[in-house]
Amino acid sequence: GSIYERVDKMCSSIMDKKITLPKGFILRGKAITMHKYVQWFSGIEPFMDENGEISVKFQFAVQLKDFLLQLHQYVKINLLEIMPLRGKYSVRMYQIFKAERDRTKQHKEVSIMEYDLEQLRAMLEIGDKYKILKDFRRNILDPVKKEINTHSKTISVDYEYIKTRRKVTAIKFIIHDKNQEQVTPESNNPRPDYVPTAAEIKQLSRAKLHAYEMLVAFGVKGGIALKQILPKIKGGVVAGYEDIFIKNALQHFQKWATQQGSTEQSAATFVNWWMQKKVFSHEQDVFWKLNERVHEYIKKQDAEAKTNRELAKDMPNEAFVEEYKKAVAA
């Protein structure tokens, strides 16, 4: 049919969709689970706009207000990473795991999420399917784990059963940073004369490559910049803007050196600040000052620049450049 017929059918379909949220009660000492059912929209209506075009306006259900006001807490998903995921449960759980890992990675080595089995079933909207644990694991848990661990470049996930009186009642998910898992003690603490290989440099994202180049230009040895400084810049607003963080860190250090009357701004002193005194660690006030400067920088960027940063943060620089060229050509 026409585009208008298709949009009309889409609106009708959307109005039939609902969100199911589990609600737990204790009644006479017994746990009772029921559910809250909410439609996405309270209404959808076509209208003629000021340009003489047919448009559609809609209003979210008022019960969703609290959820929508908290959308800033969730993570933007890199479409290039999520596209290989084929299972709908894998996509849904990846979004949840990625959001939780980004939220907690600044202060936790791994992130833990626990779900009651009934809560997990309701969240995935699987209805009466896979009620036997063996079937649930074979059709939900194992495929989700395999797909995410195979295709995600940033996180990996594992799970464990939680038992109550020998019965499995909940699932615990353990979420790791994939790049941290692949770092060995020797590679994370290289010899002072260690020189990064060209292959290692090529794996850096665009922002990390620029940060690396700034550090080396300042006099920091390449091995230290790559293995000891860059891995410490992570989490929150800084991800994808490591070059802006380093730029401000160097400016902060230079300002400090000038205040101390130093005529020589030593790269060795800067590294000592970073590694020994942890001045730029997220446990220190300096980190949060620099974090705020990065945030101010982001606010001044246009939508296209922000989108490119988001896409580039999990990709080697060369891969991003190729994707960017294709997009421009298209």
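Quick rundown of the values:
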quantity: Amide H contacts of residue 159 (H built 1.01 Å from N, under 5 Å, at least 5 apart or other chain); calculated: 174
quantity: The chain - mean residue ellipticity at 222 nm from DSSP helices (-39,500 (n - 2.57) per run, n ≥ 4, rounded to 500); calculated: -13000 deg cm²/dmol
quantity: In Å², nearest 10: area of residue 296 left accessible to a 1.4 Å probe; calculated: 70
quantity: Hydrodynamic radius of the chain per Kirkwood, over alpha carbon pairs, in Å; calculated: 23.7
quantity: Pairs from 131/163; 227/278; 172/227 whose Cα-Cα separation, in the structure shown, is over 20 Å; calculated: 172/227
quantity: Value in Å of the Kirkwood radius, where the stretch 193-330 supplies the Cα pairs that are averaged; calculated: 15.9
quantity: Peptides ranked, highest mean first, by Cβ atoms within 10 Å: ranges 314-326, 242-254; calculated: 242-254, 314-326
quantity: 5 angstrom amide H check on residue 170, placed H, neighbours 5+ away; calculated: 117, 162
quantity: Histogram of C-alpha separations across the stretch 268-327, 5 Å bin width, %; calculated: 4, 16, 15, 14, 15, 16, 13, 6, 2
quantity: Accessible area of the chain divided out per residue, in Å², using a probe of 1.4 angstrom; calculated: 64
quantity: Convex hull (Cα only) mean projected area of the stretch 88-180, reported in nm² to one decimal; calculated: 6.2
quantity: Reach of residue 9 by Cα under 13 Å, taken over aspartates and glutamates that are not fewer than 8 positions away in the same chain; calculated: 45
quantity: Lysines whose Cα lies under 24 Å from that of residue 299, excluding same-chain neighbours fewer than 8 positions away; calculated: 76, 98, 105, 208, 232, 234, 247, 289, 313
quantity: Unsatisfied cross-links (Cα-Cα over 26 Å) in the set 23/129; 108/178; 36/153; calculated: 36/153
quantity: Accessible-area value, residue 162, 1.4 Å probe, nucleic acids and ligands omitted, Å²; calculated: 50
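The values are calculated or read from the model by the stated rules, or taken from the named source; none is laboratory data. This one's a predicted model, so the numbers in the text were calculated from it and none came from an experiment. Cβ sites come from the backbone with ideal geometry, for glycine too, and all protein chains shown count toward neighbours. Surface accessibility is based on the protein's heavy atoms, side chains included, excluding ligands, DNA and RNA. Shrake-Rupley method; radii C 1.70, N 1.55, O 1.52, S 1.80 Å.
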